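Chemist: Below is the structure I would like to discuss, written out as structure tokens.
The values are calculated or read from the model by the stated rules, or taken from the named source; none is laboratory data. It should be emphasised that the depicted structure is a prediction, and the values quoted were computed from it without experimental measurement. Neighbour counts are summed over all protein chains in view; Cβ atoms, including those assigned to glycine, are modelled from backbone coordinates with ideal geometry. The protein model used for the area step is the full one, side chains on, heavy atoms only, and it has no ligands, DNA or RNA in it. Shrake-Rupley method; radii C 1.70, N 1.55, O 1.52, S 1.80 Å.
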Amino acid sequence: MKKNEVKVIWGGRKKTVIPKNGGFGNFSLGVDESVTISGSLDTMYRVSHNSMSAGDKLLAASIEGLPDTDDAGEFLLWEYTGSNIADAITLVTASVSSSKIGHHQEWLVLDCDNGRDDTFKITTNHPLLAKKGSVWSFEYAGDIDTSYKLVSSSLEEISISSITEASSSESGSFRRLDIEPQDTYFADDILVHN
């Protein structure tokens, strides 16, 4: 195991929440210190995006009917209207194909009701799986509000208790991973798209 990783036994069981890495600093989506759930479906652990490189494996989702594309014009049109999103998702592992760093002076901080005491940082243009009413679809983080639900790595719906716009006079580094063969993965326990 690498430094700053916590091993978590996953075992592929439903309703198993992969806990937040608690002693190594602030870990959140997209920021340099962000974490992704990595490893095999039997043994998962949290690892910083900074530590990830091409070929590393992470927890991903194969989603029924979702086009296999990075083209937002295609995957943003996908919708799921079934009664349980877990019925449309199969947990799998995927590989990091590439990693890109972008610099942003504005981002969002989501506080989710997922039993953890941390927040979730994300750029406004990062797509995540979100439910509005009875319809699941991929939405840009900047287009959602607290009436939306998100999906966790235990395939449970998560409420958003608050969304705060954050900014800094100095730009923050945000890392976006390209994942293959799936284009969706769990970052800080929330399902996002490449």
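Chemist: Within the set of pairs 6 or more residues apart or between chains, which connect a residue that is more than 22 Å from Ile85 (Cα to Cα) inside the stretch 117-143 to a residue that is in a strand (DSSP E or B) and among the acidic types (Asp, Glu) with Cβ atoms less than 6 Å apart?
Modeler: Thr119/Asp111
Chemist: Can you tell me which residue among Thr146, Thr93 is out of contact with any Lys or Arg (no Cβ under 9 Å at 6 or more places or on another chain) and either part of a strand (DSSP E or B) or surrounded by fewer than 19 Cβ atoms within 10 Å (Cβ to Cβ) (or both)?
Modeler: The conditions single out Thr146.
Chemist: Being of a type in the set (S, T, N, Q) and in contact with an Asp or Glu (Cβ under 9 Å, 6 or more places away or on another chain) is the filter here; which residues of the stretch 55-83 pass it?
Modeler: Thr69
Chemist: Restricting to the stretch 84-115, and then to whatever is at pLDDT below 90 and of a type in the set (S, T, N, Q), can you tell me which residue is nearest to Asp189 (Cα to Cα)?
Modeler: The extreme case among them is Asn114.
Chemist: Give the number of residues within the stretch 149-164 that are open to solvent by 50 Å² or more (accessible area, probe 1.4 Å) and part of a loop (DSSP other than H, G, I, E, B).
Modeler: Total meeting the criteria: 1.
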